1. What ranking, highest mean first, results for peptides 21-31, 78-88, 42-52 when packing means the other Cβ atoms within 10 Å averaged over each residue?
2. Where does segment 11-68 land on Rg/Rh, using Cα atoms and the Kirkwood Rh?
3. Scale the Cα Rg of segment 82-164 by the rule-of-thumb value 2.2 N^0.38 Å and send over the ratio, two decimals.
4. Give me ILE138, ILE90, ILE110 sorted ascending by neighbouring Cβ count inside 10 Å, so fewest comes first.
5. Hey, can you rank 61-71, 112-122 by average C-beta count inside 10 Å, highest first?
6. Show that you can apply the helix-only estimate: for the chain, add -39,500 (n - 2.57) for every DSSP H stretch of four or more residues, divide by all residues, and state [θ] at 222 nm to the nearest 500.
7. Using a simple spin-label model with points 7 Å from Cα along the Cα→Cβ vector, what separation in nm is obtained for GLU159 and CYS128?
8. Between SER72 and ASP18, what length in nm is gained on full extension when 0.36 nm per residue of separation is reduced by their alpha carbon distance?
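Readers should treat all values here as calculations from the given coordinates under stated rules, not as data from a laboratory. On a predicted model such as this, the values are computed, not experimentally measured, just so you know. All Cβ positions, even for glycine, are placed from backbone atoms using ideal geometry, and neighbour counts span all protein chains on display.
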Amino acid sequence: MSPETMSIFTPKVSARFDALVEKYPVRRSALVPMLLYAQDEIGYLSDAVIAEVAQRIGITELDVRNVATYYSMLRFKPAGKFNVQVCTNISCMLRGAYEVYEKFQEELGIGHKGVTADGVFSLEEVECIGACCWAPAIQVNYNFHDDLTPESVPGILAEYRGKAEGR
């Protein structure tokens, strides 16, 4: 992007994007990392995010959408401040992940890909978070919690609710 063009991203993320497109021999190779950084900053892949990323790489918005829809970790609507991902893959499932997931649903009052009314939490069932040895496990944003039981859910939620309230 030229300096006179307005960006929806912070200067830090814009600079990271510029570095990414220079790093790869084919600019398009920077697409997935750019989408992940964009999602971290904006919260989801809005139409404006898709448009700017497409322009920065020099591809169409449709090309960006085609790639982005392939990856389940990329979102097209806002998630909660704390996105709870409950792994239900085989190792976690065998050690009680569905019971843990059901407890999160009960406590939060939302289902898969839901967001609480106050916007603090979102919940999703995911395939694998790479913590099989410590199953069942969840990831809240980029923080792992493992060896869980349904009884551990209220405490985890209280911890993050406290963070949301500045405690």
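1. Highest-to-lowest ranking by the protection proxy: 78-88, 42-52, 21-31.
2. Radius of gyration relative to Kirkwood radius: 0.92.
3. 0.97
4. In order of increasing Cβ crowding within 10 Å: ILE90, ILE110, ILE138.
5. My ranking of the peptides, most packed first, is 112-122, 61-71.
6. Mean residue ellipticity, 222 nm, calculated: -13000 deg cm²/dmol.
7. If labels sit at GLU159 and CYS128, their model points lie 2.5 nm apart.
8. Contour length minus the Cα-Cα distance gives 16.9 nm.
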